[in-house]
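The block underneath contains the structure these notes are about, expressed in structure tokens.
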Amino acid sequence: SPDSTRGDFVRVGDGQWARVSESLRERLTQLKDATNVDRKTLTLDATSAPAIRDLIQSDIEVKATKNWHQCLARLERAENLDPVLPAGLKAELRDYQLDGFKWLRKLAEWGVGGVLADDMGLGKTLQTLAVLLDRANEGPSLVIAPTSVGFNWVREAQRFTPDLNVLLYRETDRAECLANIGPGDLVVCSYGLALRDETALSKVEWGTVVMDEAQAVKNSRSKTAQAIANLSAKWTVALTGTPVENHLGELWSLFHLVSPGVFGGWENFRKRYALPNEKHADDDARRSLSHRIKPF
């Protein structure tokens, strides 16, 4: 706050000030953007790992738990990973589609969800199928899509990833389907059935959950969005060719489902990003928001 900072100095106690170097100030700013406040408690998750690592690498002592060190190790593995298209993929990917596959695959290695927001017709389904095939051993995959789009997922999976066992959920014995699925299975489900069968679907440990046409859950208060939030998955990704149309709350809703740690709770997001951007056209808040979502 203005009362606790003067130029390069920060108040650290009554009448006591400490000088903060520009490099440290930048790192602390990045850390601030990577953390969230929930009921006056500062929270961190895997999305905060780069900022924490920057602090550690700047010769600042950071005490971290074993889980945090494991998180940093996952980040390092993701950064060093050079994803290779899986054997069995029956398609030639264009350069930008290959870039999309590699980006998604690195996010999955990191353990952080993301939003693939290509325009319509650029092959989001194919890029995602390549990742699902590469992650087939992680457990069954669930694709949630509008009914009309679901049929396209089945066709493209049969064409491009025949090694995946694709099941159109609405055309199966749903109870038997969920009781017997495992690694290598791809279940394609409508948003309506995802809500109707919320309890049964939430009992499955999914390797990957995909939300296609994810603008369908841009309202976090909808029953469908709440049902999807209850699913258990190692990794989640959203696909959409539709931009944020009405307000930044739609962006928060998407990330609340794929990677809640990116923005934290709604009040944290509203105060830090939504109000400054939408009410005051705050350039600093806009740049901060852009920087925060860029990796995801």
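The values are calculated or read from the model by the stated rules, or taken from the named source; none is laboratory data. Remember, predicted model here, so these are calculated numbers, not experimental data. So basically every Cβ, Gly included, is an ideal-geometry build from the backbone, and we count neighbours across all protein chains shown. To get the accessible areas, we keep the full protein, side chains included, count just its heavy atoms, and leave off ligands, DNA and RNA. Shrake-Rupley method; radii C 1.70, N 1.55, O 1.52, S 1.80 Å.
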- Message: Among the residues that make up the range 157-164, is at least one of them at pLDDT 95 or above, buried (at least 16 other Cβ atoms within 10 Å of the Cβ), closer than 13 Å to Asp212 by Cα and of a type in the set (S, T, N, Q)?
- Response: no
- Just to be sure, is Glu79 over 17 Å from Val210 (Cβ atoms), in a helix (DSSP H, G or I) and open to solvent by 50 Å² or more (accessible area, probe 1.4 Å)? yes
- Query: Out of curiosity, is Leu129 open to solvent by less than 60 Å² (accessible area, probe 1.4 Å), at pLDDT 95 or above and over 24 Å from Ala233 (Cα atoms)?
  - Reply: no
- Scope the range 248-285; condition in contact (Cβ under 8 Å) with a residue 60 or more places away in the chain, touching a Lys or Arg at 6+ places or on another chain (Cβ under 8 Å) and under 20 Å from Lys32 (Cβ atoms); matching residues: Val262, Phe263
- Message: Just to be sure I understand the filter: pairs with C-beta atoms under 8 Å, separated by 6 or more residues or on different chains, first member in the range 73-94 and on the phi > 0 side of the Ramachandran plot, second member open to solvent by less than 90 Å² (accessible area, probe 1.4 Å). Which pairs pass?
- Response: Gly88/Leu133; Gly88/Thr161; Gly88/Pro162
- Task: Identify the single condition in (1) closer than 26 Å to Pro260 by Cα; (2) open to solvent by 30 Å² or more (accessible area, probe 1.4 Å) that Cys189 does not satisfy, given that it satisfies every other one.
- Result: (2)
- Is there a residue in the range 97-113 that is surrounded by fewer than 15 Cβ atoms within 10 Å (Cβ to Cβ) and either of a type outside the set (Phe, Trp, Tyr) or part of a helix (DSSP H, G or I) (or both)? yes
- Task: Report the residue count in the range 2-24 for those that are at pLDDT 70 or above, open to solvent by 70 Å² or more (accessible area, probe 1.4 Å) and closer than 26 Å to Phe263 by Cα.
- Result: 1
- Task: Would you please name the residue that is surrounded by the fewest Cβ atoms within 10 Å (Cβ to Cβ), looking only at residues in the range 203-226 that are within 21 Å of Ser253 (Cα to Cα), of a type in the set (Gly, Ala, Ser) and in contact with a helix residue (DSSP H, G or I) (Cβ under 8 Å, 6 or more places away or on another chain)?
- Result: Ser220
- Message: Among (1) in a loop (DSSP other than H, G, I, E, B); (2) surrounded by 18 or more Cβ atoms within 10 Å (Cβ to Cβ), there is one condition Leu254 misses while meeting the rest; what is its number?
- Response: (1)
- Note on the structure: Asn246 passes all but one of the listed conditions (1) buried (at least 23 other Cβ atoms within 10 Å of the Cβ); (2) closer than 22 Å to Phe296 by Cβ; the exception is number (1)
- Note on the structure: Within the range 261-292, of all residues that are within 15 Å of Ser220 (Cβ to Cβ) and of a type in the set (D, E, K, R), the one most open to solvent (accessible area, probe 1.4 Å) is Glu267
- Note on the structure: By residue number, the members of the range 51-68 that are assigned to a helix (DSSP H, G or I), open to solvent by 100 Å² or more (accessible area, probe 1.4 Å) and at pLDDT 70 or above are Lys66, Asn67
- Taking the range 141-151 as the region of interest, how many residues are open to solvent by 10 Å² or more (accessible area, probe 1.4 Å) and touching an Asp or Glu at 6+ places or on another chain (Cβ under 9 Å)? 2
- Task: State whether one or more residues within the range 116-124 are open to solvent by less than 80 Å² (accessible area, probe 1.4 Å) and part of a helix (DSSP H, G or I).
- Result: yes
- Message: So, Trp103, is that one under 19 Å from Val237 (Cβ atoms), touching a strand residue (DSSP E or B) at 6+ places or on another chain (Cβ under 8 Å), modelled with pLDDT of 75 or more and among the aromatic types (Phe, Trp, Tyr) or not?
- Response: yes
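For (1) closer than 22 Å to Ser232 by Cα; (2) touching a His at 6+ places or on another chain (Cβ under 8 Å); (3) among the polar types (S, T, N, Q), each residue gets a yes or a no:
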| site | (1), (2), (3) |
| --- | --- |
| Ile144 | yes, no, no |
| Gly150 | yes, no, no |
| Val154 | no, no, no |
| Thr161 | no, no, yes |
| Leu164 | yes, no, no |
| Tyr169 | yes, no, no |
| Asn180 | yes, no, yes |
